[in-house]
Amino acid sequence: MSADKPLGVADYPLAENRPELVRTATGKPLDALTVEAVAAGAVSLDDLAVTPGTLRLQAEVARAAGRPSLALNFERAAEMVAVPQERILAIYELLRPGRAPGKAALLEAAAELRREFGAERLAAFVEEAAEVYERRKLFVGRF
């Protein structure tokens, strides 16, 4: 969901100042998440997980606050929601210095993120890491 007008710092926190913009993955509004609803079985785990839409709204607020790096982190997190946890952990492991066998492994992970999940920002992050790791000799064999 997006706001009719750009979000600003005054909209933060969204749950308090713009709750109408926040929805669960199943489309429930925030005020539907109550103890009674949980006890009645009307709230699932999907309702409690963060959504890409909410993360993109957070990015908008961060950008309005003059925090472009934080905004980009929220946008990467929004892309990450679609990536299975086992792939996230495998790529995280590759990104640990001394763990990837070489630049090609990181570039392959970036291509997978882009191809399989449409995760352009995540892919760019891994590609940037591949360049830095090569320049600083951070692939397997250093440690």
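The values are calculated or read from the model by the stated rules, or taken from the named source; none is laboratory data. For clarity, every value in this text was computed on a predicted model and none was experimentally measured. With ideal geometry, Cβ positions are generated from the backbone for all residues, glycine too; neighbour counts draw on all protein chains shown. Note: areas computed on protein heavy atoms with side chains; ligands, DNA, RNA excluded. Shrake-Rupley method; radii C 1.70, N 1.55, O 1.52, S 1.80 Å.
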Residues in segment 45-55: is at least one among the aliphatic types (A, V, I, L, M), buried (at least 17 other Cβ atoms within 10 Å of the Cβ) and touching a Phe, Trp or Tyr at 6+ places or on another chain (Cβ under 8 Å)?
yes
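Residue check: is Pro13 open to solvent by less than 50 Å² (accessible area, probe 1.4 Å), under 22 Å from Ala71 (Cβ atoms) and without any contact (Cβ under 8 Å) to a residue 24 or more places away in the chain?
Working: open to solvent by less than 50 Å² (accessible area, probe 1.4 Å): yes; under 22 Å from Ala71 (Cβ atoms): yes; without any contact (Cβ under 8 Å) to a residue 24 or more places away in the chain: yes.
Judged against the criteria, Pro13 is a match.
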